[in-house]
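Accompanying notes for the structure given below.
Each reported figure results from applying straightforward, stated rules to the coordinates on display, with no laboratory input. The model shown is predicted, which means the values in this text are computed figures rather than measured ones. Here Cβ is always computed from backbone atoms with ideal geometry, including for glycine, and neighbour counts include all displayed protein chains.
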Amino acid sequence: MILCSCAGITDREVRAAVAWMRASDPDTVVTPGKVYRALGRRPDCGGCVSLFVATMRDELKSTIPTELRNLRSGRTERTVHEGRP
Ligand code: FES
């Protein structure tokens, strides 16, 4: 499926680029800009960003270690009360 019609990027290319980045450096922060650069293309209108990022996140979920997943949704005593009286 074409994700970015301006640059002609497919979801397979995005998934392959994210997997390649994670394989070459597991600690790297993958951003849409890095994916565009890895594919040798440039964004134009930006209309694809939400779908582009959703595809990246979907691919990243499969490569993030299980103990690091869903950290934002985890509630702790401190985050519930936020230290306020
Ligand atoms: S559709 Fe991706 S930059 Fe225009």
Total charge dipole magnitude, the stretch 2-66, about the Cα centre, Cβ charges on Lys, Arg, Asp, Glu only, Debye to nearest 20: 60
For the stretch 10-15, Karplus couplings with θ = phi - 60° (6.51, -1.76, 1.60), whole Hz, Gly/Pro x: 9, 5, 5, 5, 5, 4
Karplus 3J(HN,Hα) series, Hz, for the stretch 23-34 with 6.51 cos²θ - 1.76 cosθ + 1.60 (x for Gly, Pro): 5, 7, 8, x, 8, 5, 8, 8, 10, x, x, 5
Cα-derived Rg over Rh, computed across the stretch 2-66 with Rh taken as Kirkwood radius: 0.95
